[in-house]
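S.K.: Structure incoming, see below.
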Amino acid sequence: MSTGLERGQRPPVEVSEDELEALIGDRALARDDHLNAPGFVIRPDDVQSVLSDLRDEAGFDHLACLTAQEYPDRYESIYHLRKYVDPTQEVSVVVPTTTDEPVSQTAEPVFRTADWHEREAFDLVGIDYEGHPDPRRILLPETWQGHPLSRGYDQEKPQIVTLTEHANPVQPDHHDDESDTMFLNIGPHHPATHGVLHIETVLDGETVVDVDPDIGYLHRCEEQMCQQGTYRHQIMPYPDRWDYVSAGLLNEWAYARAAEDLADIEVPDYAQVIRTMGAELCRIASHMLALATFALDVYGDFTAIFQYGMRDREVVQDILEDLTGQRLMFNYFRLGGVAWDLPEPREEFVEKTRDFLDGLPAKVDEYHDLLTGNEIFQIRTHNTGILEPEVAKQYGCTGPVARGSGIDYDLRRDDPYGYYENLEWDVVTKDGCDNYSRVLVRMQEVEESAKIIEQCLDLLEDWPEDERTVQSNVPRTLKPDADTEIYRSVEAAKGELGIYIRSDGTDKPGRFKIRSPCFHNLSALPEMSEGEYVPDLIASLGSLDIVLGEVDR
């Protein structure tokens, strides 16, 4: 397995808790440690200074997640910080505010990704972030009354919608008579937006000068539903529905990892191998769909690349159906393992999977001939959608989007889980920082996933029959200690998919927060598109490989 230091990276410098405490100094009001990270409680007006010092002096350059919540006596924002060079080094910055004046200093000048995070925290919880450059709601309409995750929210109260809210959001394009600018609506109902996404675009002639992604059309209250479900049985069916087209088992693993670490549940090695194999099958299915739809976006190739990509994805879906019993909403993982062993006859399942893997290299070569070697495709993707590494880090980008900008960051290697650290494979990165590089990363990751699956099949075939334990002994009812907090994540097909859980002593989470990689990656779209043309904007959006069910949650 790749060490992550071949590309000239410096080895990560460990920062002890004592050093962090000294760095924050008297700005730390108290300690509030989480299971995965030391935590420091600070004043609402010290946010920027503390986060700046942690980034610049201690190297915590990745704002992975922001979780907002309301307690009976306070509001609270938790900034989950990591290092791109070593995500196992983590720290939580906890910012409490009073209930009568929930105002906290914005973190946006330090981390650009805090822009969307804090807008969501205001929208759903009701915390104001002083100095925020764009303090609008992000998921709900501007006219919405109240904040759905606040304690006093009345779900029965009718919502008042002004007449302007009834206006068609996709109004006719209009031209500013006093300049050469034109306002253009792209979406929300257009195949190139990959879901119900509305992009408000300002053009100067044919050049894009401003882009504002408008999300929230598919908000499905996933976090709220998980907070109403029991750890043991009722939450696991929901993750399949976040990134609903490709990454079901990867989503399930994100929840499983957080809940298992929260409840101190061990997973048998045999089940870890099955999990790893299933997750990589889902990664291949996801990347095949990304490749197919991107070709459709860029030069309208439906008959060849799109249909070929869907053909190969269907083979993977057949294998996953044999394994899990479902083609899309798998519900196969269980806390402590998986639902059942490989299907019988085992030999037939293994042979079917190996046949797919044996034919994959020729299919990948075919994609290169048809797609990456196509002159039109190269013109459309080379040097378009530029996302420089430092900008990508500012927006919290991960997955192929980050690795296409040369950021050598992959949680399977850098924060090992499952069986990955026992297998031979490499992390794929490209330095082009453009739409073309992101395609190449996904195509090569398909080949790396095939390597992992092949090794998993070898292990499963040779595993002693009397040691094939698919689940550990998990209590029927899980009730972690009250106020225990954890943030854990996995390398999903689109990047870092993280889960924050706070237990309240019952069998249901007190707070459940989903860290969506699509949410972060999409927020960087303006940086990639401004100064380019409308066709480049469409290509850049396609290269992000977003699914709005995960963006909006």
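S.K.: Going by the structure shown, is residue 283 charged (D, E, K, R) and buried (at least 18 other Cβ atoms within 10 Å of the Cβ)? Step through it out loud before you land on a result.
M.R.: On the way: charged (D, E, K, R): yes; buried (at least 18 other Cβ atoms within 10 Å of the Cβ): yes.
Yes; evaluated as a whole, the condition is true for this residue.
S.K.: Something else about it: Collect the residues in the stretch 324-383 that are under 23 Å from residue 279 (Cα atoms) and of a type in the set (S, T, N, Q), keeping them in residue-number order.
M.R.: Passing the criteria: 324, 326, 331, 353.
S.K.: What number of residues in the stretch 111-144 are over 16 Å from residue 76 (Cβ atoms), β-branched (Val, Ile, Thr) and over 20 Å from the mean Cα position of the chain (by Cα)?
M.R.: Count: 1.
S.K.: If you don't mind, there's one more thing I want to ask. Taking residue 388 and the conditions (1) touching a Leu at 6+ places or on another chain (Cβ under 8 Å); (2) open to solvent by 80 Å² or more (accessible area, probe 1.4 Å), which numbered condition does it fall short on, given that it satisfies the others?
M.R.: Answer for residue 388: the failing condition is (1).
S.K.: Further question on the same structure: Mind checking which pairs have a first residue in the stretch 332-351 that is part of a strand (DSSP E or B) and a second that is of a type in the set (Val, Ile, Thr), Cβ under 7 Å, 6 or more apart or different chains?
M.R.: Listed pairs, sorted by first residue: 337/267; 337/470; 338/274; 338/470.
S.K.: Cβ contacts < 6 Å: first residue touching a residue at least 12 places away in the same chain (Cβ under 8 Å) and closer than 16 Å to residue 258 by Cα, restricted to the stretch 459-482; second residue hydrophobic (A, V, I, L, M, F, W, C) and surrounded by 10 or more Cβ atoms within 10 Å (Cβ to Cβ), any location; separation 6+ or different chain. Result?
M.R.: 474/265; 474/335; 478/263; 480/262; 480/263
S.K.: Could you tell me whether the stretch 450-457 includes any residue that is over 30 Å from residue 529 (Cα atoms), of a type in the set (Val, Ile, Thr) and modelled with pLDDT of 95 or more? Give the derivation first.
M.R.: Taking the stretch 450-457 and keeping what is over 30 Å from residue 529 (Cα atoms), we get 450-457.
Within this subset, residues satisfying the condition of being of a type in the set (Val, Ile, Thr) are 452-453.
In the following step, the residues that additionally are modelled with pLDDT of 95 or more were identified as 452-453.
Yes, the stretch 450-457 has at least one match.
S.K.: Taking the options 22, 30, name whichever one is among the small types (Gly, Ala, Ser) and part of a strand (DSSP E or B).
M.R.: Numbers: 22 fails: part of a strand (DSSP E or B).
Exactly one of 22, 30 is among the small types (Gly, Ala, Ser) and part of a strand (DSSP E or B), namely 30.
S.K.: Moving on to the next point. For the stretch 271-309, enumerate the residues that are more than 15 Å from residue 541 (Cα to Cα), in contact (Cβ under 8 Å) with a residue 60 or more places away in the chain and of a type in the set (Val, Ile, Thr).
M.R.: Result: 273, 274, 276, 284, 305.
S.K.: Is there any pair with a first residue in the stretch 529-544 that is more than 25 Å from residue 288 (Cα to Cα) and a second that is open to solvent by 40 Å² or more (accessible area, probe 1.4 Å) and among the β-branched types (Val, Ile, Thr) whose Cβ atoms are under 7 Å apart and which are 6 or more apart or on different chains, and what are they?
M.R.: Filtered contacts from the stretch 529-544: 530/209; 531/207; 533/207.
S.K.: Tally the residues that are touching a Leu at 6+ places or on another chain (Cβ under 8 Å) and in a helix (DSSP H, G or I), restricting the search to the stretch 391-407.
M.R.: Matching residues across the stretch 391-407 total 1.
S.K.: OK, next. Are there any strands (runs of 3 or more DSSP E) wholly within the stretch 52-110 with 1 or more residues that are within 22 Å of the chain's Cα centre (by Cα) and crowded, with 18+ Cβ neighbours inside 10 Å, and if so which? Quick ask: steps written out before the conclusion?
M.R.: On the way: elements: 62-70, 75-82, 90-97, 103-105.
Of the strands (runs of 3 or more DSSP E) lying wholly inside the stretch 52-110, those with at least 1 residues that are within 22 Å of the chain's Cα centre (by Cα) and crowded, with 18+ Cβ neighbours inside 10 Å span 62-70, 75-82, 90-97.
S.K.: Going by the conditions given, is residue 417 hydroxyl-bearing (Ser, Thr, Tyr), open to solvent by less than 40 Å² (accessible area, probe 1.4 Å), on the phi < 0 side of the Ramachandran plot and in contact with a Lys or Arg (Cβ under 8 Å, 6 or more places away or on another chain)? Show your work before the answer.
M.R.: Numbers: hydroxyl-bearing (Ser, Thr, Tyr): yes; open to solvent by less than 40 Å² (accessible area, probe 1.4 Å): yes; on the phi < 0 side of the Ramachandran plot: yes; in contact with a Lys or Arg (Cβ under 8 Å, 6 or more places away or on another chain): yes.
Taking the combined requirement at face value, the residue satisfies it.
The values are calculated or read from the model by the stated rules, or taken from the named source; none is laboratory data. The shown structure was predicted, so the numbers you read here are calculated from the model rather than taken from an experiment. All Cβ positions, glycine included, derive from the backbone under ideal geometry; neighbour counts span all protein chains shown. Just so you know, the surface numbers come from the protein's heavy atoms only, side chains and all, with ligands and any DNA or RNA stripped out. Shrake-Rupley method; radii C 1.70, N 1.55, O 1.52, S 1.80 Å.
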